[in-house]
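Visitor: Got a structure for you, questions after.
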Amino acid sequence: MEGMRLPKVSIVTPSFNQGEFLEETMLSVLNQNYPNLEYIVVDGGSTDGSIDIIKKYENRLAWWVSEPDNGQSDAINKGFLRATGEIFNWVNSDDLICPGAVRMAVHFLEKESAVELVFGDRLVIDRASTVIEAYEAPSYSDWFPPLLAKLPQEAAFFTANIWKKVGGLDTSLDYVMDTDLWYRFREHTRFFHIPMFLGMYRKHLQSKSVFGMGSAQKLNDKAASEFKARQKKYGNFLSAGSSLQKTMGFLNQVRLVYEKNRRFRRLLKEEAYRIGFDVE
């Protein structure tokens, strides 16, 4: 990428009382080996020391604010209203992006000119940042839209153009706002999968996903209502029943095993690694 005009990448972190993880999140963004990066932190009025952490790095931020908001979706929308980049991503205040992720995302968004969203794979970490799970995906397929719920949000980078085209996040949603966004994106573009770990999702009891889903994967009332509405709006017969969903999941895993033995995936990984870590 040296010697080329690098597109500006804007990353937003919504934050509220997650000071335990916030500094690690911010450093995962600020320490990216990408020179044209705009970082914005939108805090909802934290009272746990998060503000001191944000102030510690404020000279490296494009903008930050701490004030009451109407939830996570509202905070993210507010951040992107301030963003001036050509490529967007948001990283929640307890999640991380992997080293080299921004360079890889930019490279493939520019290379795959007809695509306006690229996504990578996800590592799952615990409270102490120990990796406890890993999720890898096969190449993107239009035949598997019900499984877009699995698309790892922190590992997804998309153009500012498509964000503005669909109007950003639906602020009425608390649990499925990212999946709802992906489906609205799909009306305008295909996606491209980068077979590298680009993001880390932190699994802990205070995580909204864990809290909303419950420790036994039982949805709270708000989450259940949103999932039901999403199925009605975007679902089809393949996503209607648990048996069919399991079948689709199994077929996706078969695709993954098959693709891991194919030359095109190995070459993609080599290309992504070379770009991400500037290897000649």
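The values are calculated or read from the model by the stated rules, or taken from the named source; none is laboratory data. Given the structure is predicted, the values throughout are model-derived calculations rather than measurements. With ideal geometry, Cβ positions are generated from the backbone for all residues, glycine too; neighbour counts draw on all protein chains shown.
Visitor: Would you tally the residues in region 58-74 being out of contact with any helix residue (DSSP H, G or I) (no Cβ under 6 Å at 6 or more places or on another chain) and part of a loop (DSSP other than H, G, I, E, B)?
Guide: Qualifying residue count, region 58-74: 6.
Visitor: Now, a different point. How many of the residues in region 84-136 are assigned to a loop (DSSP other than H, G, I, E, B), more than 13 Å from the chain's Cα centre (by Cα) and either aliphatic (A, V, I, L, M) or farther than 18 Å from Leu37 by Cα (or both)?
Guide: 9
Visitor: Which condition number does Thr84 fail, the rest of (1) surrounded by fewer than 18 Cβ atoms within 10 Å (Cβ to Cβ); (2) modelled with pLDDT of 95 or more; (3) polar (S, T, N, Q); (4) under 17 Å from Pro14 (Cβ atoms) being met?
Guide: Here Thr84 meets the rest and fails (4).
Visitor: Looking at Pro7, Pro14, which is the one that is of a type outside the set (A, V, I, L, M, F, W, C) and surrounded by fewer than 19 Cβ atoms within 10 Å (Cβ to Cβ)?
Guide: Residue meeting the stated conditions: Pro7.
Visitor: Output the residues belonging to region 18-33 that are farther than 15 Å from Arg202 by Cβ and either free of Cβ contacts under 8 Å to residues at least 12 places away in the same chain or under 17 Å from the mean Cα position of the chain (by Cα) (or both).
Guide: Leu30, Gln32 - these are the residues of region 18-33 that are farther than 15 Å from Arg202 by Cβ and either free of Cβ contacts under 8 Å to residues at least 12 places away in the same chain or under 17 Å from the mean Cα position of the chain (by Cα) (or both).
Visitor: Then there's this: Scan region 183-203 for residues that are assigned to a loop (DSSP other than H, G, I, E, B) and farther than 26 Å from Phe21 by Cα and jot them down.
Guide: Those that are assigned to a loop (DSSP other than H, G, I, E, B) and farther than 26 Å from Phe21 by Cα: Glu187, His188, Thr189.
Visitor: Anything in region 143-188 that is more than 19 Å from Asp69 (Cβ to Cβ) and aromatic (Phe, Trp, Tyr)? List them, or say none.
Guide: Scanning region 143-188 gives Trp143, Phe144, Phe157, Phe158, Trp182, Tyr183, Phe185.
Visitor: Same structure again: Looking for something within 28 Å of Lys269 (Cβ to Cβ) and in contact (Cβ under 8 Å) with a residue 12 or more places away in the chain - is there at least one such residue anywhere in region 167-175?
Guide: Taking every residue of region 167-175 in turn, none turns out to be within 28 Å of Lys269 (Cβ to Cβ) and in contact (Cβ under 8 Å) with a residue 12 or more places away in the chain.
Visitor: Then there's this: Could you tell me whether region 170-182 includes any residue that is hydroxyl-bearing (Ser, Thr, Tyr), closer than 21 Å to Gly276 by Cα and outside any strand (DSSP E or B)?
Guide: no
Visitor: Next up: With the structure loaded, tell me whether Gly71 is under 22 Å from the mean Cα position of the chain (by Cα) and at pLDDT below 95 or whether it fails that test.
Guide: Here the answer is yes, as Gly71 does meet what is asked.
Visitor: Tell me yes or no: at least one residue of region 92-103 is among the hydrophobic types (A, V, I, L, M, F, W, C), surrounded by 24 or more Cβ atoms within 10 Å (Cβ to Cβ) and out of contact with any helix residue (DSSP H, G or I) (no Cβ under 8 Å at 6 or more places or on another chain).
Guide: Yes, that holds for at least one residue.
Visitor: Could you look through region 55-81, keep only residues that are buried (at least 24 other Cβ atoms within 10 Å of the Cβ) and of a type in the set (A, V, I, L, M, F, W, C), and pick out the one that is nearest to Lys8 (Cα to Cα)?
Guide: Across region 55-81, the extreme among qualifying residues is Ile76.
Visitor: So, one more: If we scan region 262-273, do we find a residue that is modelled with pLDDT of 90 or more, surrounded by 14 or more Cβ atoms within 10 Å (Cβ to Cβ), more than 24 Å from Ala114 (Cβ to Cβ) and not aromatic (Phe, Trp, Tyr)?
Guide: Checked against the condition, which is being modelled with pLDDT of 90 or more, surrounded by 14 or more Cβ atoms within 10 Å (Cβ to Cβ), more than 24 Å from Ala114 (Cβ to Cβ) and not aromatic (Phe, Trp, Tyr), region 262-273 yields no hits at all.
Visitor: Restricted to region 226-260, and to residues that are surrounded by fewer than 14 Cβ atoms within 10 Å (Cβ to Cβ) and closer than 17 Å to Met177 by Cβ, which residue is modelled with the highest pLDDT?
Guide: Among them, the one singled out is Lys228.
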